[in-house]
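Let me begin by presenting the structure, written as structure tokens, before commenting on it.
The values are calculated or read from the model by the stated rules, or taken from the named source; none is laboratory data. Just so we're clear, the structure is a prediction, and the values are computed from it rather than from any experiment. Every residue, glycine as well, gets a Cβ built from its backbone with ideal geometry; the counts of neighbours run over all protein chains shown. For accessibility, only protein heavy atoms count, side chains too; no ligands or nucleic acids. Shrake-Rupley method; radii C 1.70, N 1.55, O 1.52, S 1.80 Å.
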Amino acid sequence: MNITFADISLAKPGALAVLVTEGAALRGVAADLDGKLGGALKRAMKAAGFTGKSGTVLEVVGPQGVGASRVLLAGLGKSADLSAANLEKAGGELAGRLEKTKETALSVVLDGISAPKLPAGEAAARVALGAKLRSYRFDKYKTKKKEGDDKTGLKSLTVMTRAAATARKDYAPLSKVAEGMFVTRDLVNEPANILFPGEFAKRARTLTRLGVKVEVLGEAQMKKLGMGSLLGVGYGSQHESQLVVMRWTGGKPGEKPVAFVGKGVCFDTGGISLKPAAGMEDMKGDMGGAACVTGLMHALAARKAKVNVVGVIGLVENMPDGKAQRPGDIVTSMSGQTIEVINTDAEGRLVLADALWYTQNRFKPKFMVDLATLTGAIMVALGKEYAGLFSNNDTLSKQLYEAGEAEGEKVWRLPMGPAYDKMIDSRFADMKNVGGRDGGSITAAQFLQRFVNKVTWAHLDIAGTAMASPQTATNQSWGSGWGVRLLNRLVADNYEA
């Protein structure tokens with residue numbers, strides 16, 4: 001989709017949309033447009049009961065008096081509640097409405113729209129971002145067209161505003177965030193027979209085109225480092241496990257980096273502790289944390305973020321086999337701590353244990369945030385609306401919460417403490433990899449905390465948000481791209497020079 005910003009005009013070809021707030025009378029450009037249409041907008045609003053509620057769209061097809069092929073009003077909700085999310089939702093709803101037609105060009109007018117703490121230029125940029133995110137498709141494996149597949153979708157979007165120059169400037173970094181989200185969605189949507197650890201690492205290497213330094217450690221290198229926890233997960237797979245290190249140095253030379261660590265289980269059968277067959281196909285998305293870190297590194301590098309960043313992803317495949325890890329096995333992690341593997345389906349924390357220790361040991365970061373589709377228990381607690389947040393630091397937790405609220409990728413902090421930590425003590429080793437059914441997400445976080453070595457750290461359990469997410473105005477994809485916007489905002493607001 002080609003996205004441009006321009007001054008306000010009603011002479012553009014294609015579809016024309018005007019954004020309106022809830023309960024407000026038509027004014028400015030909207031009033032002028034209604035006049036040109038002989039009052040058709042007001043009549044249509046009355047007939048349809050259209051009030052401008054957020055997410056609603058009113059359409060007048062084949063209007064007389066203007067050059068547009070159709071005119072749409074898109075509701076933003078109440079003016080006092082107007083936010084970036086409302087504007088993106090409107091952009092997505094408009095793009096989605098036109099998916100059902102053969103329209104290829106859309107002009108959207110913002111006139112007299114103001115939001116608290118959101119300048120006119122950024123408001124226009126957010127509308128464009130919403131339409132851009134809605135445009136994502138993952139249909140590369142479809143060979144036959146179905147009814148409606150001939151609809152071409154939008155090719156051109158013009159957002160018209162009295163702050164066009166500012167909008168162009170504000171949209172530039174947002175477009176790179178969208179690119180990063182698309183990278184993440186692509187990775188999560190890929191089938192596991194295509195995206196095994198080696199292929200994932202190969203795709204991560206493409207970030208070198210943006211100036212990211214990428215290293216890939218194979219099993220021999222990880223064995224020398226003592227990563228018995230990560231390596232044990234992949235023993236049953238024909239595909240070699242990988243550890244990928246991505247570095248972006250946009251900050252001051254020598255300044256400590258911020259670090260993001262992702263779980264990348266490219267397919268999770270549960271191993272010897274085999275999962276039920278029903279729904280197992282979804283486990284191609286068990287690398288959602290690694291996908292997010294990769295998409296985030298793309299976004300930060302593409303927008304030339306002024307910060308030093310490290311992204312580390314542990315890539316494995318958890319399969320049942322004669323060589324596979326067994327329940328009751330004891331492995332030694334890179335930290336030297338031993339782990340009794342009670343359940344081979346609690347494998348993500350085993351991957352992260354070595355990835356976290358490696359990251360803090362080598363890079364001495366300001367903080368580490370790990371992301372993992374770690375526990376089904378987090379969906380029982382929070383559904384698919386929030387990711388679970390666990391942390392050893394109140395400041396980082398507050399920053400993540402505020403970034404999530406601003407970007408619509410919300411997190412909710414859950415407790416940690418000695419009583420939970422005691423639940424993962426083992427009779428035979430330093431710890432065991434599960435603590436029972438009670439507090440399953442919390443004991444998983446307690447396990448990870450044993451490998452951060454007092455570095456400022458947060459764990460995001462994204463099992464409910466990374467994949468099979470609810471369809472929205474800005475995302476119709478199975479893979480959501482969740483986390484890229486959240487962490488980009490965290491960095492931009494708090495850690496860039």
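What the table below lists for this structure:
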item	result
Exposure ranking of 378, 8 by accessible area [1.4 Å probe, largest first]	8, 378
Net +/- balance of residues flanking residue 326 in space, Cβ distance below 13 Å, scoring K and R +1, D and E -1	-4
Rounded to the nearest 10 Å², the accessible area of residue 412 at probe 1.4 Å	130 Å²
Mean-position separation - Cα centroids, region 301-325 and region 428-497, in angstrom	14 Å
Environment charge of residue 405, counting only residues whose C-beta is closer than 13 Å and scoring Lys/Arg +1, Asp/Glu -1	+1
Fraction of beta bridges assigned by DSSP in the chain that are antiparallel (%, nearest 5)	40 percent
Rounded to the nearest 10 Å², the accessible area of residue 100 at probe 1.4 Å	150 Å²
Theoretical ellipticity at 222 nm over the chain - DSSP helices of four or more residues, -39500 (n - 2.57) apiece, nearest 500	-10500 deg cm²/dmol
Set of aspartates and glutamates near residue 102 by C-alpha distance (under 18 Å), chain-local residues within fewer than 8 positions excluded	59, 93, 147, 149, 150
Entries of 89/366; 132/304; 36/78; 306/384 with Cα pairs more than 24 Å apart	89/366; 36/78; 306/384
Largest to smallest accessible area among 235, 420, 358 [probe 1.4 Å]	235, 420, 358
Residue-normalised accessible area of the chain, given per residue in Å² at a 1.4 Å probe	41 Å²
Between region 392-408 and region 346-381, the Cα center-to-center distance that results, in Å	18 Å
Inter-centroid distance (Cα atoms) of region 1-78 relative to region 111-179, Å	18 Å
Cα long-axis angle, helix 394-407 against the chain (0 to 90 degrees, to the nearest 10)	30 degrees
Rounded accessible area of residue 385 (nearest 10 Å², 1.4 Å probe)	120 Å²
